[in-house]
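The block underneath contains the structure these notes are about, expressed in C-alpha cells.
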Amino acid sequence: QVQLVESGGGLVQPGGSLKLSCAASGISNGIYSMNWYRQAPGKQRELVAASPSGGRVNYADSVKGRFTISRDNGKNTCYLQMNSLKPEDTAVYYCNVVDWNAKQYWGKGTLATVSS
C-alpha cells in the first residue's frame, strides 16, 4: 500500500521559515521524481519544486531563491525548506511522487499559513 506522509506545516510570520517533509513508502516501481505542489484558496494547484532522479531540480519562479527541495533517497523522503515566507505562500502543500512507470501518487497535504 502506497503512503505519502507529509509533515511540517503550520503558522509562521512573514519572513519566517518552515520545513516540510514527505516520507514515501510502498512504491514498488521505484521513485523517479519527488515534487511539491501547492494550492492556495481559490486558485489552481501549482508546481512549486521538482526533484527528478538524475536531473536538475526546478522551481516555480515565485519561490526561486527562497525555497529549497532536497531528497534522502535512502529514506524515500523529500523535504521543502521554505525561507523568507510571504503571505502569498499560504497554501496547502502537497507531496507528489512519480514512479518509473510514470504513475503519480499524492499526499493528503499540509497547510502552511503565513500571517502576522
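Restrict the check to region 79-86 and report whether at least one residue is free of Cβ contacts under 8 Å to residues at least 60 places away in the same chain and of a type in the set (S, T, N, Q). No, there is no match, as no residue in region 79-86 is free of Cβ contacts under 8 Å to residues at least 60 places away in the same chain and of a type in the set (S, T, N, Q).
From the list Arg71, Arg66, the one residue that fits, being over 17 Å from Val98 (Cα atoms) and either in contact with a Ser or Thr (Cβ under 9 Å, 6 or more places away or on another chain) or loosely packed, with under 13 Cβ neighbours inside 10 Å (or both), is Arg66.
Among the conditions (1) surrounded by fewer than 17 Cβ atoms within 10 Å (Cβ to Cβ); (2) at pLDDT 95 or above, the only one that Val48 does not satisfy is (1). Restricting attention to region 13-34 and to residues that are closer than 30 Å to Ser115 by Cβ and polar (S, T, N, Q), the residue that is nearest to the chain's Cα centre (by Cα) turns out to be Ser21.
With a requirement of 3 or more residues that are hydrophobic (A, V, I, L, M, F, W, C) and over 14 Å from Ser17 (Cα atoms), the strands (runs of 3 or more DSSP E) lying completely within region 31-97 that satisfy it span 31-39, 46-52.
Restricting attention to region 18-45, which residues are touching a strand residue (DSSP E or B) at 6+ places or on another chain (Cβ under 9 Å), open to solvent by 30 Å² or more (accessible area, probe 1.4 Å) and at positive phi? The answer is Gly26, and nothing else.
The values are calculated or read from the model by the stated rules, or taken from the named source; none is laboratory data. Nothing here was measured: the structure is a model prediction, and the numbers come from that model. Neighbour counts are summed over all protein chains in view; Cβ atoms, including those assigned to glycine, are modelled from backbone coordinates with ideal geometry. These accessible areas exclude ligands, DNA and RNA; they are computed on the full protein's heavy atoms, side chains included. Shrake-Rupley method; radii C 1.70, N 1.55, O 1.52, S 1.80 Å.
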